[in-house]
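Each remark here refers to the structure printed beneath this line.
The values are calculated or read from the model by the stated rules, or taken from the named source; none is laboratory data. Keep in mind it's a predicted model, so treat the numbers as computed, not measured. Just the protein is used for accessible areas: all its heavy atoms, side chains included, with ligands, DNA and RNA removed. Shrake-Rupley method; radii C 1.70, N 1.55, O 1.52, S 1.80 Å.
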Amino acid sequence: MRNRVLSSAATLAVITLPLALAACTSGTASGAAGGAVTGAIVGGPVGAAVGGVAGAAVGTALTADESTRVQSYVVTQRRPSMRVSEEVVVGQPLPSRVRLYPVPQTVGLSNPYSYTVVNDRTVLVDPQTRTVVQVIQ
């Protein structure tokens, strides 16, 4: 029975992950990859498949134009970079000690987000869950 479950899980992972990655753009790919790695650590092959699909969905929070507007706004704000020992990963929450700054409506995003600068990287965050939505390059 165990072999049958593992076989089914492996088959699901082999089918699902490439389908998710096939539709990827660069933001989606990084989200899918991060989600797949996290899922694999937690749940093996099935976790990798589920994490990859979830990460792909989260990894494309902004359009290229919105990313440019956010980056332009953030550069003018000159917020200090917080150092954290935890790895900053799309789909994972930031520690509570990290200060979040709201992205104003004038930036023109379709959803209300916050941002911060962590380990010298600008990060877009869901302010309600503190979950990293996208790393802005």
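Within the range 22-37, is even one residue at negative phi, assigned to a loop (DSSP other than H, G, I, E, B), open to solvent by less than 80 Å² (accessible area, probe 1.4 Å) and at pLDDT 70 or above?
Looking for residues that are at negative phi, assigned to a loop (DSSP other than H, G, I, E, B), open to solvent by less than 80 Å² (accessible area, probe 1.4 Å) and at pLDDT 70 or above, one finds none in the range 22-37, hence no.
Looking at the range 96-137, which of its residues are β-branched (Val, Ile, Thr), under 15 Å from the mean Cα position of the chain (by Cα) and more than 13 Å from residue 71 (Cα to Cα)?
118, 125, 129, 131, 132, 133
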